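S.K.: The structure under discussion is supplied below as structure tokens; questions concerning it will follow.
Please treat every number below as a calculation from the coordinates, not as lab data. These numbers were taken from a predicted model, which means no experiment stands behind them. Here the Cβ positions follow ideal geometry from the backbone for every residue, glycine too, while neighbour counts run over all protein chains shown.
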Amino acid sequence: MPSILKDSGIELTQLKVRSIGPGGAEISDFKIGPDDGGILIDSIRLDYTPSALFKKHINRVVISGISIDARYENNKVSITGLDELLNKKDNSKEESETAVPVTIGEIKIVNSTLDFGYEGKKFRIPFDISATSFDKDLLPHNFNATIYPDGNKVRVSGIWENNIIKLAVKSDEVALDLYEKILRDMIPVNLKGKSSLDLVLTLSIDPFTIKDISASFKLDKSSISYSGVVLTNPAVPLVDYRPISININSKDAQHLNFEISPIMINQSRLSVLSDFSGTVDINEDNLKGDIKAFTRLLTGDNMPALAWDVAIEKSTDITSVKIGAKEGEENFGHPFSVSINDTDITAVSPEIEASVLFDKGILSADYLFRLKKTDAQIVDMSFSLPAVSIKGNIRQDENNMDQYISSFTLNSREIAFISPDIKASIPEYLVKGEIKYDPDKGINMEAGANFKKGVVSMQGGALNIKEIAGDFPFSWPLDKSYDRGRLSIGNFTYGDYALGPLDLKIAQKKGDINFTGTVKYPPLADMKINLSGSTSLTSKGGTTNIKADIPAYKPGVDIDLGKFAPALKGYKFNGLLKTDGAINLSGSLMKSGLNITIEKGAINNNENKLALKDILLSLTLDDLISFRSPFGQKIKIGNASFGDISVDDVAFDFRVDSLSSIFIEQGRFKWCGGNINIQSFRVDTEKDEYLITLFCDRLRLADLLEQFGVFGVTGGGTVNGRIPITISKGKISFEDGFLYSTPGGGGKINIRGTDMFKAGMTPGTPEYIQMDIASEALKAFDYSWVKMSLNTDQEELTVKLQFDGKPENKLPFRYDKDLSRFQRVETASEGSNFQGISLDVNFKLPLDELLNYKGALDMIK
């Protein structure tokens with residue numbers, strides 16, 4: 001063996017013989033190359049028989065544990081420790097023509113690794129190799145190899161004969177992150193999933209050429225992400241799951257066929273299912289390609305399919321590209337739908353045509369995009385465009401080869417917009433322009449948009465705007481400014497009030513087309529409404545903003561709210577009012593909003609004894625069409641009085657759901673020195689019954705009794721509990737309201753106006769005497785606990801009080817044994833000392849007079 005290696009120009013520097021015998025030999029610690037490098041081999045086993053050995057034949061060589069350190073640098077592969085030896089061999093003037101003195105039946109290499117360095121990174125690749133049918137230079141006719149990159153398994157087999165290698169490569173379930181690690185520094189791509197490869201190719205070694213190739217590459221449960229675009233396996237309804245399959249076939253080096261299917265292309269919220277196929281013909285001077293694609297947009301229930309044809313032809317002087325796309329046969333002539341964000345779009349017969357020609361370095365191109373019967377649905381709003389087309393051309397200026405000129409026209413007819421509240425239409429919308437590009441001057445554009453006879457109306461006829469016309473010239477760069485545009489409204493009516501005509505000035509300034517104007521609102525003659533707006537030329541899809549605002553406005557006299565809502569006749573308002581609203585049109589989407597602020601507001605109705613003072617309202621409506629707001633709107637009222645009931649620091653958080661519905665998230669106010677909290681409920685004009693529970697915390701008992709019509713009450717002590725209130729068909733009732741003192745938290749109560757407790761009772765009756773005693777006791781009473789229940793009976797509020805305690809003083813009553821009851825005496829000194837007593841006091845109040853709630857309910861409606 002040392003002589004064989006020496007004849008090959010390889011130096012054997014280390015060798016240990018473990019065993020040798022008539023059936024085989026084993027060598028360990030085998031090292032080729034210099035001491036400071038080279039190739040290390042754990043063991044070499046030779047299998048032979050005495051008769052085969054006599055014939056200089058070894059049946060099998062098994063090499064185990066080869067460790068090779070290699071790298072790719074300076075456009076060549078280097079092996080640590082062997083480069084010098086290999087260079088000596090290459091530079092040797094004498095070439096040994098000595099044949100290997102033995103023949104070998106099979107060589108196996110097992111449990112071996114290649115540490116390969118590339119671009120500053122190390123890749124460890126375990127491998128096994130087997131080879132048979134060797135020639136005199138030990139070059140195998142058949143070989144098989146298995147490599148294990150990053151724990152994956154790849155099988156390679158081949159046949160080497162007469163300068164030709166037929167190679168087959170197979171892999172199953174190779175993790176895609178293996179390729180990501182290799183490509184990471186060259187392409188920032190993210191790979192996930194599994195792949196399989198079935199490759200067969202024929203190679204000519206000298207000169208190196210590919211004779212033919214057949215490859216099938218499959219991706220399963222995969223994801224390939226690059227620059228915001230994600231390629232995945234299809235996983236959508238109506239599409240059977242299949243791995244992505246990439247097939248390439250070529251019978252020679254000049255003609256190539258390929259297929260890629262099916263593949264899902266995702267970007268943002270756009271998903272396209274695609275299949276590709278084509279042919280490429282290459283010779284020395286020409287390239288010709290024909291690519292066919294079938295794409296299906298998967299963003300709606302009806303999935304539009306487009307059949308694409310792309311023809312590419314390149315010769316020495318001319319390159320031409322022709323692109324065409326039409327509906328696929330499966331949905332030809334039928335509407336398709338697409339959902340993007342909250343927009344549902346349907347259209348018929350999409351058509352794309354484009355041709356690009358490079359002739360002796362000069363570019364020219366034509367393009368056309370056309371859609372029919374296009375409809376867009378945004379929640380409950382819809383746009384309709386019966387026909388839309390964009391047509392244009394691009395040409396290279398023959399007098400200035402660096403300059404390109406493009407003329408274009410966008411035309412849409414009978415544009416219509418419909419929502420539950422608004423209907424609008426424009427008979428024709430036209431944009432025409434010309435774009436010039438120069439590498440030194442950049443892009444310059446002159447264009448103009450024009451429409452007329454536009455109409456806007458509210459469903460039901462409350463708002464009508466007619467004869468809307470616009471003329472918007474614009475140019476690029478956006479630093480150009482002018483004020484020759486206009487937007488006009490011939491007739492503007494709202495209900496019984498007419499506004500307009502209105503002319504708005506239009507100006508382009510720093511990327512925006514701006515308009516300004518002012519309009520009066522007849523019901524409030526001293527109020528001015530400012531209008532302004534802009535259309536951005538830099539936003540994607542085009543954005544139009546319309547703003548209206550009322551500067552800080554305080555009426556000179558109180559406003560009768562009956563002008564705006566007949567049910568509020570007699571209610572007067574004053575305060576500082578500020579509003580600002582906006583409508584935003586972005587592409588086919590429309591957004592609107594309104595902010596309303598009231599400061600130091602007041603509402604009163606003297607007839608109904610209702611007064612709201614120090615009103616602070618902060619309301620934001622984020623959709624004027626459906627009239628709704630976000631959560632967390634706030635209203636605060638410093639003091640509110642309804643008849644004899646008065647509350648302070650009222651605060652509600654709410655959300656407006658529509659013109660007829662408000663959701664109260666929570667409420668709170670101060671009453672009788674304590675706090676009242678209200679949980680969520682909904683106010684809806686279509687409902688005539690509500691159940692609201694007041695959660696009471698530390699209400700002062702004395703104040704509470706006075707609010708319920710009991711006069712001359714003093715003392716301490718608080719009560720807690722809840723008071724359910726039902727509002728049904730315009731009436732308020734109390735249902736099982738219950739308040740109680742905190743255990744261990746008694747107090748004193750002094751009631752001077754106790755005669756109301758005995759009202760309607762017959763003197764001398766047992767009931768009267770009991771109430772008479774209770775009335776006297778409550779004039780100065782120490783209680784350990786108190787309970788109060790509230791219920792409505794017919795039109796009256798029934799209040800039941802229960803006290804447990806003792807009077808502070810003697811009561812003017814003495815027990816009469818003959819009558820078996822207490823009798824009133826002249827003075828308290830003649831009376832009795834009650835050490836412990838439980839008092840039950842019931843009284844009724846006319847609820848409508850107490851609350852005078854009719855006005856409040858009118859306001860809710």
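S.K.: Mean separation of Cα pairs under 8 Å and 6+ residues apart, divided by the residue count of the chain: what relative contact order is that in percent? The partial results should precede the final answer.
M.R.: Values: 2258 pairs, mean separation 27.0, N = 861.
Dividing the mean separation by the residue count of the chain yields 3 percent.
S.K.: Is the C-alpha gyration tensor of region 688-861 telling us rounded, prolate or oblate? Criteria: a/c under 1.5 is rounded; beyond that, a/b larger than b/c is prolate, otherwise oblate.
M.R.: Because a/c hits 1.5 or more and a/b exceeds b/c, region 688-861 counts as prolate.
S.K.: May I pose another question? For region 140-147, what does the Karplus curve 6.51 cos²θ - 1.76 cosθ + 1.60, with θ = phi - 60°, yield as ³J(HN,Hα) per residue in whole Hz, taken in order and with x for Gly and Pro?
M.R.: So the Karplus estimates, Gly and Pro as x, are x, 7, 10, 8, 9, 9, 10, 10 Hz.
S.K.: Would you mind checking the tilt of helix 766-777 against the longest principal axis of the Cα atoms of the chain, expressed as 0 to 90 degrees and rounded to 10?
M.R.: Helix 766-777 sits roughly 70 degrees off the main axis of the chain.
S.K.: Principal axis extents for the chain, Cα atoms only, whole Å, descending order, please.
M.R.: 150, 82, 47
S.K.: Next question, about the same structure. Would you mind getting me the FRET efficiency between residue 369 and residue 225? Use the beta-carbon distance for r and R0 = 25 Å, nearest 0.05.
M.R.: 0.30
S.K.: Quote to one decimal, in nm, the extra length available between residue 128 and residue 387 on full extension: 0.36 nm per residue of separation minus the C-alpha distance between them.
M.R.: Here the answer is 86.6 nm.
S.K.: Using the Karplus equation 6.51 cos²θ - 1.76 cosθ + 1.60 (θ = phi - 60°), what ³J(HN,Hα) coupling, rounded to whole Hz, does each residue of region 714-721 give in order, writing x for Gly and Pro?
M.R.: After applying 6.51 cos²θ - 1.76 cosθ + 1.60, I find 9, x, x, x, 10, 10, 10, x Hz.
S.K.: Would you list 815, 48 from fewest to most Cβ contacts within 10 Å?
M.R.: So the ranking, lowest neighbour count to highest, is 815, 48.
S.K.: Within the set 436/509; 563/609; 547/569, which residue pairs have Cα atoms separated by over 29 Å?
M.R.: From 436/509; 563/609; 547/569, over 29 Å: 547/569.
S.K.: With labels modelled as points extended 7 Å from the Cα through the Cβ direction, what inter-label distance (nm, one decimal) is found for residue 767 paired with residue 168?
M.R.: It works out to 11.0 nm between the two label points.
S.K.: Next question, about the same structure. From the phi angles alone, apply the Karplus equation (6.51, -1.76, 1.60; θ = phi - 60°) to region 508-520 and give each ³J(HN,Hα) in whole Hz, x where the residue is Gly or Pro.
M.R.: 9, 8, 6, x, 10, 9, 10, 9, 9, x, 9, 9, 9
S.K.: Measuring from a point 7 Å past the Cα of residue 536 along Cα-to-C-beta, which residues in region 506-520 have an amide N at less than 20 Å?
M.R.: Zone members listed by number: 507-516.
S.K.: Once you keep just the Cα pairs under 8 angstrom separated by 6 or more residues, what percentage relative contact order results for region 688-861? Display every interim value, and only then the final one.
M.R.: Details: 373 pairs, mean separation 31.2, N = 174.
Relative contact order here is 18 percent.
S.K.: Need the full-extension length gain, residue 828 to residue 526, defined as separation in residues times 0.36 nm minus the C-alpha distance. One decimal, nm.
M.R.: Result for the pair: 101.7 nm of gain on full extension.
S.K.: Continuing with this model, one more query. At a Förster radius of 51 Å, what calculated FRET efficiency corresponds to the Cβ-Cβ distance of residue 380 and residue 644, to the nearest 0.05?
M.R.: 0.65
S.K.: Given a Förster distance of 45 Å, report the FRET efficiency between residue 619 and residue 703 from their Cβ-Cβ distance, rounded to the nearest 0.05.
M.R.: 0.90
S.K.: Any idea how far apart residue 444 and residue 60 come out in nm if each label point goes 7 Å out from Cα toward Cβ?
M.R.: Distance between label points: 8.3 nm.
S.K.: To continue, here is another question. At what distance in nm do the modelled label points of residue 510 and residue 735 sit from each other, each positioned 7 Å from its Cα along Cα→Cβ?
M.R.: For the pair residue 510/residue 735, the computed spacing is 6.1 nm.
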